[in-house]
1. What residue, among those in segment 395-414 that are assigned to a helix (DSSP H, G or I) and without any contact (Cβ under 8 Å) to a residue 40 or more places away in the chain, is nearest to Leu450 (Cα to Cα)?
2. Going residue by residue through segment 352-374, is there one that turns out to be at pLDDT 95 or above and either of a type in the set (Phe, Trp, Tyr) or touching a His at 6+ places or on another chain (Cβ under 8 Å) (or both)?
3. If I filter segment 6-36 down to residues being among the charged types (D, E, K, R) and exposed (fewer than 13 other Cβ atoms within 10 Å of the Cβ), which single residue comes out as modelled with the highest pLDDT?
4. What number of residues within segment 349-394 are among the aliphatic types (A, V, I, L, M), closer than 20 Å to Cys256 by Cα and assigned to a loop (DSSP other than H, G, I, E, B)?
5. What pairs come out if I take residues in segment 158-169 that are within 16 Å of Thr306 (Cα to Cα) and pair them with residues that are of a type in the set (Lys, Arg) and buried (at least 18 other Cβ atoms within 10 Å of the Cβ) whose C-beta lies under 8 Å away, six or more apart or interchain?
6. Would you call Val129 more than 17 Å from Arg175 (Cα to Cα), in contact (Cβ under 8 Å) with a residue 40 or more places away in the chain and either crowded, with 16+ Cβ neighbours inside 10 Å or not acidic (Asp, Glu) (or both)?
7. For the structure I just gave you, tell me whether Gly399 is farther than 30 Å from Ile353 by Cα, among the small types (Gly, Ala, Ser), touching a strand residue (DSSP E or B) at 6+ places or on another chain (Cβ under 9 Å) and not assigned by TED's automatic domain parsing to the domain that holds Gln248.
8. Considering Glu19, Glu92, Glu88, which residue is in contact (Cβ under 8 Å) with a residue 60 or more places away in the chain, assigned to a helix (DSSP H, G or I) and assigned by TED's automatic domain parsing to the domain that holds Val154?
Amino acid sequence: MTTSNLSFDGLALAPALFEALASLKYTHMTQTQAECLPLLLKGNDVAVQAKTGSGKTLAFALGLLSRIDIENRDPQALIMCPTRELAEQVAEQVRLIGKRLANLKVLELVGGIPLGPQLKSLKFGAQVVVGTPGRIMDHIGKRSLNLKSVNCFVLDEADRMLDMGFEDEMKIVLRELSHSETARNRQTLLFSATYPEKVQEITTKYQRSATFIKVESQVVNLAIEQCAYRVMDEHRSQAVAALLTHYQKVSNIVFCRTKVETKELIEDLTHAGFAVAGLHGDLEQPERSQVLARFAGKTLTVLVATDVAARGLDIQGVDLVINHRVSEDVDTHTHRIGRTGRAGETGLAVTIIDGKEEDKLDEIAAKTDVTIKKHNIQTVRFHANRIVEPEFVCIGVDGGKRDKLRPGDLLGALTKDADVPGEDIGKISIAARKSYIAIKLRSVKRAMTLFRESKIKGKRFKARKF
């Protein structure tokens, strides 16, 4: 496909959407967007197999926003995502693309937060609803989510929703939509990194003559340097610690296969002196949000995660990925190492292997057409004095979007009222009821004094240092 074919200019989009694309400096489509957008804009059903980072969110956002009637406050597009983090990312992307559409309302319906505010928001209306399966089901059960005007339904990361046990929820929502007033003209879009039999069944049963699009993206990012280290199976945790002090990177993700291995590795790395936290299925949503905010703000140097828990994360600036064990398949390996080397940056991915795993790693290397050099772990030693300390400390604030807090409010209060230098303030993340501020150690005391003695937007907010 030539560059000229990849321009957004030839698409039948509303002027407001073109303006938003221009303001975001989106000029050319990805392969996924180029293959599915013409069909989406015609109202066709599509089933797309494409990897994370392929630009699928922008594609379906443009498609569904092209069908929105702004004058109608009922939900007209429903997007189902497997995790709260992905739902929040998708909602933010839709808002960005739809920012020139006056009076567009995008609402998130996710778990881990009270139902009350969501019920109130639904009464005021929202044209686009983005949610997780469990919380969408809660609102359908309470009849607070009106589906009668939904003309576009998106299943994002369908394979991961099945992996996480949401098959019944997906099918119930699809059945509910099939009885809505817009059922005959409804567009159903399915996006999935893999396309197993159960995903095919959904396409066959619930989509209308869907066009299947497979975007071949098995090629590993060549900006990612890969290597492997041979270890004895019982020495994997020690190997991870040694590799972290050997490479001395600021931002590191370690992937484990199971929750048990994740928890054990976190305990070992904490004992060794690393600033580490984890993502796994046993965490409650507020804990997940806190861990992600701390890692994104560089107040943690190591994130240990299972594959399911880390699916859909969009964290920039990851320097090193370590595979605690060889991935079970090529797709998982590609997804794992794709956390590094983003946005044109170089990245490093290291896989720890024992004698039984070498053949599996060789198979992955062959299928992805890369060379993965192997070393013996004896060439690497753990040095406690080489542990990289976080540049920032995290301060958690008991206030967020529900309190009308914005990053600028916190930044302004810290720099003007607490006299904190701007260069001492890192990433500020605002969640529904919590905010997280990355701040350099030398300014923590002044920041904590601000929250203890002063008000922000006329209100006092409690804060604590992690």
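The values are calculated or read from the model by the stated rules, or taken from the named source; none is laboratory data. The structure displayed is predicted, hence computed values, not measured ones. When we count neighbours, we look across all protein chains shown, and the Cβ atoms used for this are built from the backbone with ideal geometry, even at glycine.
1. So the first thing to find is which residues in segment 395-414 are assigned to a helix (DSSP H, G or I), and the list is 401-403, 407-414.
Of the ones still in play, those that are also without any contact (Cβ under 8 Å) to a residue 40 or more places away in the chain are 401, 407-408, 411-412, 414.
Details: Lys401: 20, Pro407: 16, Gly408: 15, Leu411: 12, Gly412: 12, Leu414: 7 Å.
Among them, the one singled out is Leu414.
2. Start the filter on segment 352-374 by keeping residues that are at pLDDT 95 or above, which leaves 352-353.
Add one more test, that the residue is either of a type in the set (Phe, Trp, Tyr) or touching a His at 6+ places or on another chain (Cβ under 8 Å) (or both), and what stays is 352.
Scanning segment 352-374, I find at least one residue that is at pLDDT 95 or above and either of a type in the set (Phe, Trp, Tyr) or touching a His at 6+ places or on another chain (Cβ under 8 Å) (or both), so the answer is yes.
3. Asp9
4. First, pick out the residues of segment 349-394 that are among the aliphatic types (A, V, I, L, M): 349-350, 352-353, 361, 364-366, 370, 372, 377, 380, 384, 387-388, 393.
Still in the list and also closer than 20 Å to Cys256 by Cα: 349-350, 352-353, 361, 364-365, 372, 377.
Cutting the leftovers down to assigned to a loop (DSSP other than H, G, I, E, B) gives us 372.
Number satisfying all stated conditions: 1.
5. Pairs that qualify, where the first residue is within 16 Å of Thr306 (Cα to Cα) and the partner is of a type in the set (Lys, Arg) and buried (at least 18 other Cβ atoms within 10 Å of the Cβ), are Arg160/Arg311.
6. On the way: more than 17 Å from Arg175 (Cα to Cα): yes; in contact (Cβ under 8 Å) with a residue 40 or more places away in the chain: yes; either crowded, with 16+ Cβ neighbours inside 10 Å or not acidic (Asp, Glu) (or both): yes.
Yes: the conditions hold for Val129.
7. Numbers: farther than 30 Å from Ile353 by Cα: yes; among the small types (Gly, Ala, Ser): yes; touching a strand residue (DSSP E or B) at 6+ places or on another chain (Cβ under 9 Å): yes; not assigned by TED's automatic domain parsing to the domain that holds Gln248: yes.
For Gly399, the condition - farther than 30 Å from Ile353 by Cα, among the small types (Gly, Ala, Ser), touching a strand residue (DSSP E or B) at 6+ places or on another chain (Cβ under 9 Å) and not assigned by TED's automatic domain parsing to the domain that holds Gln248 - is met.
8. Working: Glu92 fails: in contact (Cβ under 8 Å) with a residue 60 or more places away in the chain; Glu88 fails: in contact (Cβ under 8 Å) with a residue 60 or more places away in the chain.
Glu19 is the lone residue from the list that is in contact (Cβ under 8 Å) with a residue 60 or more places away in the chain, assigned to a helix (DSSP H, G or I) and assigned by TED's automatic domain parsing to the domain that holds Val154.
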